[in-house]
Every structure is written in structure tokens, then in C-alpha cells.
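One structure is given here, and the rest of the page talks about it.
The values are calculated or read from the model by the stated rules, or taken from the named source; none is laboratory data. The shown structure was predicted, so the numbers you read here are calculated from the model rather than taken from an experiment. FYI the Cβ positions are ideal-geometry reconstructions off the backbone, even for glycines, and counts take in every protein chain you see.
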Amino acid sequence: MQPQIRPASPHTRVLDQDLDTALVRAIRRGVGKLESLQLEDGEWEGEVVWCPMLAAQYVLAAHIADLPISDKRRERIFLHFEDTQLPDGTWGLHEHSPPYLFVTALVYVACRVLGKDSDDRLIARARAFISEQEGGALSIPSWGKMWLSLMNLYGWEGVAPVQPEAWVIPEKVPLHPANYYCHTRLIYMGIASLYGRRFQAPRTPLTDALREELYPGREYSEIRWREQRLNLRDGDLFAAPTKTLRALYFACGAFEAARELPVVHTAAKALRDKMLVQLKERIRWELRTTDHTCISPVNGLLNILTLAIDDKSDPDLLRAVEQLEGWFWEDDDEGFRVTGARSATWDTSFVLQTLSAAAPHTDVAAPLARGASWLKTQQIKESFPGFREAYRVDPKGGFCFAGVWHGWPVSDCTAEAISGFIASEEQEKKRGELLDVESIVSGAEFLLQCQNHDGGFGSYEARKSRFSLEWLNPAEMFGDSMTELSYIECGASCLVSLAEARERCGHAMTSGLRARVDVAIAKARDWLLREQNEDGTWDGAWGIAYIYGTMFGVRGLRAAGLPQSHPAIQKSARWFERVQRADGGFGEHWEVCLDGEYRTAASHATQTAWALLGMCWSGANETKIAHAADTLAAMQEADGDWPKQEMVGVFFHTALLDYRLYRRYFPVWALSVARTRLQDSTDRERTER
């Protein structure tokens, strides 16, 4: 449902009393809402909502590993599946998605495992959808083939090879997994471990029933599985396997066949056994350096299965099962969900910047102090032994998306945490506390490790391969998932925090570090200028899409010292003015992530806030700023919240996310910045008169 927006009142460049009153009221209500959402220890965290794929995989993993699921949780899982079901009875990658065989088949099997009959109202239409596909579930994407193989519902011969021996390749060769994007690297480490074992769950009457339901009209024992490796449903694909990848699959398939030849079987088996042991130890290291959570539940479930297959009493397995609960959100309204990410550090860092911006307009001292105190505990203070052997950068000084327990620091999370500290500095001084210079300098040193050769920044680390590995992308449903890129958001955030750290803490840096920071800022500035599109926009990768990227791009260039009069910044200002909707708001359709063509959508509170920040930072027309601010304030609900609307987070082009706190802090931040900007303009006009 779209929010109701009141007709905007006429504004001049001067901030009139009606608008000023509306902005102050909205800011105060928004701050009150944020304060009510602050947790007892001072942090903020909103659920990051994705799709039911993760809950389905949890059910399948629990079935394979003999993990109990309580009756209450089972009913909540059904509630989640019902809540996320598309109108035609299927499931997709997000709530606006077309049907995906991948998600629909996994949810269907999960429901059957949990006791649903095949004709149950929840899954009957999903079964019909599967039956309508040529071959039923045979054309499910490769990740789906892998999960069905584990369940004894697909033949491992039909799964695209992901071989443990890939880790034998010299690390300098781009094909070595060390050069992959870290999430992909760890997912394929888990898949390779399982692929090498060729484990399948025991056959049961349910297995036989599901085989008939997934492949109607076919005799399961007669399916020629090798022929299914590249049988992929077009509707599930974003990046179909390239000719080169197909050739690589053929070569890997030949390698698998050669392993069975008597002349090489003994040596081949010894090598595989050795690699499986090595991968298992890598999995243990990953568990032990992430408080047994892993980088995400996607690879975490695979790691749990690797350990469970060998020993269900393994101490690392038992701890990982306990910690798996940390990825769950569960209630009686929306059921049981598995989040793709925990976001406490990310959210808290932005809330601190929001409250600092709101400080001139309302009292924020108490929540700001509590939040800053919590955030200071979340920095990784020491290196992990073995990080180089795990193909990691030194985590010391970094901040994770989730919290310090996660062990995987991220460039822009570290950058926004630093900015959060610095933004709250004035409040710190009022309490007699000093800026934590040591933490900021340490954070800056971590950031420098993440800068790419072109001047941009990766997310978890710098890019390791000089050329793209997307041709190797075996995920099929996602794009740009093989290598670290230079992301506009990460680059801009890092540029901002490095510039702030140099200004506030330069005296505490060695001359060598200051010189490195100076070079990094200059390179990032030049990279941002090169990456700007002709129309003044930047491409967003983690939010939708041009509005998000352009907000960050402008912020980065301003932090680098470029004035609002600079041509690049003025181009962005003019773009914001052109795409502003008649009602004063901004909205961008999610399909832009698929084809890169900007298209407007109904005014969205979060996207309007992003655009409003970008307008203020770029020096856009103040009448248009006032119109956007008035519209955003009018979208607010009586309790200080803003309405739930379409998802505006995204990763890998196709996976939309709902960051549930975005609509709580970005509007307050934007309205605070806008009111300050309009007040300054009004004061100038009065002085001139």
C-alpha cells in the first residue's frame, strides 16, 4: 500500500513557518521512534528480510543432520511460507519476483518433510507449477540440484562439478578459489566438500513419493543425470553458463570419469581424501573465527552438513548448531525467518549519524551516548592467527556488518562506524569524553587494505583478480558474484571516513600512514569522478539503485573537498531535480537492477530520503529540497514510523532485501539535514534583505 501524501504547500526559497513546524515535528517523532527501538545494550538492529529459500534450506539441513524442529517452530515455518507465497502459489527470490523453480521446489520439499501432504492448500499449486515444467524439477539451477542431491532426490552426476581439487591449483592462477568473492569462495568450499563426499540422505517412503512428485511421468531410476547438468530453466537464470564455463564443466566431468579408471583410481582417491580433510579444517577455522556462525547462513548450513555427515557428535558441529539460532527471526505474526545478514553495527552506525544530524533540532543526547558506547565495543582489536592462509586480509581494526562476534569486517561498515564516532564527537565532548583516536586510526588502516588498484574499494577485501571472473559464475541466478568489484557505496563511504579521520586524527597517524591516507583519498576521488555516468548518476550495487549510488557518490566527492559548484556535483544535482516526482517524492523501480535502465516508481520514503540527502549535499534547488522534505514529512505515520513499502536493498542484481530500519533512520537523517540547509538559506536571505 502506498502512503498518502498531502498536497505540498507553496514554498519560496525561504523556510516558511508551516514547513518548519512540520519538519521539527517529523524529526522529533522519528527520533522518538528510534529511541524506542534502541536495545538495552545501546545498539540498534533491524531485520534484513530476504526470501524463504533460507528457511527451506534450514529444514532440509535439519532433516539430513537429524536436528529436531519443534512443533511450534514447524507451524511458524509454514506461516513464513504462506506469508511469502506469490499470488499464483509459487515462491520467488523476493516478494516482487516472478516464480522461481529453485525456491518453489525447495519450499515444496521442505513442506513435505515437515509433514504437509502433496495436495495441501499451501503447496498444491506449487506442485502443479513444478509439474508444468519440462521434466519437472530436472531444470532447477545448480544450487537446487545440489540440495536435491543431498536429499536423495537428484543424481550427483547431474550437478555441475565443484571439485575439492580446485584448491590444489596455485593461488596465483585466477581459477583458484582464493580469488573469488569471499561469499562465493566460502559457499563453494562447502559445496565442494559435499560434492566430494557425494552424500545422500537415506531413501525412505517420503523419498519415493517426492521423486514421483518432482518428476511426474518419469521413472526416477531411468533419468540420465549427466545430461541434466546444463538443463536450466530460463526463468531462473540471470547469468546462463558461458561457453567457457560449459567447456570447463566438460573438462571437470572428464576428470571425474577418469578418477574411476583403475590406473589412476588409487592416486585420485588419495588426492580427494586429502583435499576433503583440508577443506574440513578450513571449515573449522571459519567456524572458530566467526563464533561458529560462518560468514552467512548460506555457507553455514553447508558447513554444518559437512561435519554432521562425518560425526554428529563433533564439538564444532554442536556449537555451530547452537549459533545457527542467531540467524533466526521468529514470531507469531510473520513466522520463522532466516536472515541473510545481521546488521547491528551497520544500523547503529547510521543511527548515530542520524541522531547527530538531528541534534540541532531535538534532544538526542541519551540514545546517542548509549549507541556510541556500544559501537566502541564492536571493533576487532586483534588479528586472527591463520588469516593469510584463509586468503583473508588482516581483520584488525575492522567492523563487521553484524557485530564483533561475526569476525568478517567490511569496508563500508568500518567506514560508517568511524563516521558514526566522529559525527557524535560534539556530544562526547559535552560529557567530557574524548574522541577514540586509536580506534579511528586502526579502522583507517583496515580500510586501506580494501582499496583496489583503480582507486575504488571492495566490500570485504581488495579485488584479487585483475580481470573479471564472471564468465566462471556458476550461481546462474545472480550476477557480479565472482570477484570483488569497486563499489560506489563502499568507495564513497571509505573516502568520507578516511577524510574525516585525517582531519580529526591526523596528528595521531605516523607520517607514513598519513601519506597513504592522502594517496587513498586522491585515488578514490579520481575514481569516483571517472565512474560517474554521463547523466550525473552513479550505479548503486547494494541499494536500488541510481538514487542510492548517486547519494553516496555526491557524499564522497564533497568529503574529498570538491565544492558544490564542481561540474560533477552539479550534474548530480540537476539529475535529482529532473527525476523528482510531481508529488515531491522519489521512487525507483527494482527492475533497474536487472537491465540498468532507470525508471521511476511511486514515491518511496527511503528513496525519497536518499534523494533528499543527495540534493542537500549537491546544492540542488532549495524549492525542490523543500518540496521533497515536505513530502517526506507528510509520509510519516503518527507513531514516528514511516510505512513499509517495496524492498530497496539488493545484492547481485536479483536478490532484493528489506532493511527494516532503513525507513526509520534515513528519513530522520534527511529531514534533519534538509531543515539545517533550509534554515541556513533562510538566514542568508534575511541578511541579504
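The single condition among (1) outside any helix (DSSP H, G or I); (2) not assigned by TED's automatic domain parsing to the domain that holds Ser497 that Leu302 does not meet is (1).
Yes/no matrix, rows are residues, columns are (1) over 30 Å from Leu237 (Cα atoms); (2) surrounded by fewer than 24 Cβ atoms within 10 Å (Cβ to Cβ):
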residue	(1), (2)
Gly614	yes, no
Ser618	yes, no
Ala626	yes, no
Asp639	yes, yes
Gln645	no, yes
Arg660	no, yes
Phe666	yes, no
Ser672	yes, no
Gln679	yes, yes
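Can you go through Glu334, Glu325, Glu330, Glu416 and tell me which one is free of Cβ contacts under 8 Å to residues at least 12 places away in the same chain and of a type in the set (Asp, Glu)? So that I can check it myself, show each step before the final result.
Working: Glu334 fails: free of Cβ contacts under 8 Å to residues at least 12 places away in the same chain; Glu330 fails: free of Cβ contacts under 8 Å to residues at least 12 places away in the same chain; Glu416 fails: free of Cβ contacts under 8 Å to residues at least 12 places away in the same chain.
Exactly one of Glu334, Glu325, Glu330, Glu416 is free of Cβ contacts under 8 Å to residues at least 12 places away in the same chain and of a type in the set (Asp, Glu), namely Glu325.
Checking Lys376, Lys381 one by one, the residue that is modelled with pLDDT under 95 and closer than 30 Å to Trp285 by Cβ is Lys376 and no other.
Taken across segment 651-663, residues that are in a helix (DSSP H, G or I), in contact (Cβ under 8 Å) with a residue 24 or more places away in the chain and under 25 Å from Ser424 (Cβ atoms) do occur, with at least one present.
Scan segment 305-317 residue by residue and report those that are in a helix (DSSP H, G or I) and exposed (fewer than 15 other Cβ atoms within 10 Å of the Cβ). Let's see the steps before the verdict.
So in segment 305-317, the residues in a helix (DSSP H, G or I) come out as 305-310, 315-317.
Result: Asp310, Pro315.
Would you check if there is a residue in segment 516-524 being in contact with a strand residue (DSSP E or B) (Cβ under 8 Å, 6 or more places away or on another chain) and under 18 Å from Ala655 (Cβ atoms)? No, because not a single residue in segment 516-524 is in contact with a strand residue (DSSP E or B) (Cβ under 8 Å, 6 or more places away or on another chain) and under 18 Å from Ala655 (Cβ atoms).
Residues in segment 79-91 that are closer than 20 Å to Glu213 by Cα and either without any contact (Cβ under 8 Å) to a residue 40 or more places away in the chain or assigned to a loop (DSSP other than H, G, I, E, B) (or both): how many? Talk me through it step by step, then tell me what you get.
The first filter runs over segment 79-91 and keeps only residues closer than 20 Å to Glu213 by Cα, leaving 81, 85, 88-91.
After this cut, where a residue has to be either without any contact (Cβ under 8 Å) to a residue 40 or more places away in the chain or assigned to a loop (DSSP other than H, G, I, E, B) (or both) as well, the list is 85, 88-91.
The number of residues fulfilling the criteria is 5.
Please verify whether Ala582 is of a type outside the set (S, T, N, Q), free of Cβ contacts under 8 Å to residues at least 40 places away in the same chain and over 22 Å from Ile418 (Cβ atoms), treating the condition exactly as stated.
On the way: of a type outside the set (S, T, N, Q): yes; free of Cβ contacts under 8 Å to residues at least 40 places away in the same chain: yes; over 22 Å from Ile418 (Cβ atoms): yes.
Judged against the criteria, Ala582 is a match.
In this entry, Thr550 passes the filter for residues that are crowded, with 23+ Cβ neighbours inside 10 Å and hydroxyl-bearing (Ser, Thr, Tyr). Considering segment 108-124, the residues that are crowded, with 17+ Cβ neighbours inside 10 Å and among the charged types (D, E, K, R) include one that is nearest to the chain's Cα centre (by Cα), namely Arg112. For first residues located in segment 95-117 and in a loop (DSSP other than H, G, I, E, B), partners that are among the basic types (Lys, Arg) and lie 6+ apart or on another chain with Cβ distances below 9 Å form the pairs Tyr100/Arg233; Leu114/Arg74; Gly115/Arg74. Does segment 460-483 contain at least one residue that is closer than 15 Å to Arg558 by Cβ and crowded, with 22+ Cβ neighbours inside 10 Å? The answer is no; no qualifying residue exists. Here Leu210 does not fit the description of being hydrophobic (A, V, I, L, M, F, W, C), surrounded by 14 or more Cβ atoms within 10 Å (Cβ to Cβ) and over 30 Å from Asp119 (Cβ atoms).
Every test in (1) in contact with a His (Cβ under 7 Å, 6 or more places away or on another chain); (2) within 20 Å of Pro241 (Cα to Cα); (3) not aliphatic (A, V, I, L, M) is passed by Thr184 save one, and that test is (1).
Being touching a Phe, Trp or Tyr at 6+ places or on another chain (Cβ under 9 Å) and modelled with pLDDT under 95 holds for only one residue in Gly326, Gly340, and it is Gly340. When restricted to residues that are of a type in the set (Val, Ile, Thr), surrounded by fewer than 23 Cβ atoms within 10 Å (Cβ to Cβ) and farther than 18 Å from Trp327 by Cβ, segment 386-416 contains 1. Using the structure shown, decide if Gln607 is crowded, with 24+ Cβ neighbours inside 10 Å and under 24 Å from Trp50 (Cβ atoms). Yes; evaluated as a whole, the condition is true for this residue. Looking across segment 226-270, the residues that are assigned to a helix (DSSP H, G or I), at pLDDT 95 or above and buried (at least 17 other Cβ atoms within 10 Å of the Cβ) come down to Gln228, Asp236.
Residue-level analysis places Glu591 outside the set of residues that are closer than 30 Å to Ala402 by Cα, surrounded by 18 or more Cβ atoms within 10 Å (Cβ to Cβ) and charged (D, E, K, R). From the list Ser373, Ser383, Ser439, Ser349, which one is assigned to a helix (DSSP H, G or I) and either in contact with an Asp or Glu (Cβ under 7 Å, 6 or more places away or on another chain) or surrounded by 22 or more Cβ atoms within 10 Å (Cβ to Cβ) (or both)? Ser349 is the lone residue from the list that is assigned to a helix (DSSP H, G or I) and either in contact with an Asp or Glu (Cβ under 7 Å, 6 or more places away or on another chain) or surrounded by 22 or more Cβ atoms within 10 Å (Cβ to Cβ) (or both).
Of these, Glu40, Glu47, which one is at pLDDT 95 or above, surrounded by fewer than 19 Cβ atoms within 10 Å (Cβ to Cβ) and under 23 Å from the mean Cα position of the chain (by Cα)? Even if it seems obvious, please write down each step before you answer.
Working: Glu40 fails: under 23 Å from the mean Cα position of the chain (by Cα).
Exactly one of Glu40, Glu47 is at pLDDT 95 or above, surrounded by fewer than 19 Cβ atoms within 10 Å (Cβ to Cβ) and under 23 Å from the mean Cα position of the chain (by Cα), namely Glu47.
Could you tell me how many of the residues in segment 140-162 are outside any loop (DSSP other than H, G, I, E, B), hydroxyl-bearing (Ser, Thr, Tyr) and surrounded by 24 or more Cβ atoms within 10 Å (Cβ to Cβ)?
Let us first name the residues in segment 140-162 that are outside any loop (DSSP other than H, G, I, E, B), namely 142-150, 156-158.
In the following step, the residues that additionally are hydroxyl-bearing (Ser, Thr, Tyr) were identified as 142, 149.
Pick out the ones that are also surrounded by 24 or more Cβ atoms within 10 Å (Cβ to Cβ) and you get none.
Residues in segment 140-162 being outside any loop (DSSP other than H, G, I, E, B), hydroxyl-bearing (Ser, Thr, Tyr) and surrounded by 24 or more Cβ atoms within 10 Å (Cβ to Cβ): 0 in total.
When Lys376 is tested against (1) within 25 Å of Phe552 (Cα to Cα); (2) touching a strand residue (DSSP E or B) at 6+ places or on another chain (Cβ under 9 Å), only condition (2) is not met. The residue pairs whose first member lies in segment 486-514 and is in the same structural domain as Asp454 (by TED's automatic domain parsing) and under 13 Å from Glu416 (Cβ atoms), whose second member is among the aromatic types (Phe, Trp, Tyr) and part of a helix (DSSP H, G or I), and whose beta carbons are closer than 6 Å, counting only pairs six or more residues apart or on different chains, are Glu489/Phe552; Ala492/Phe552.
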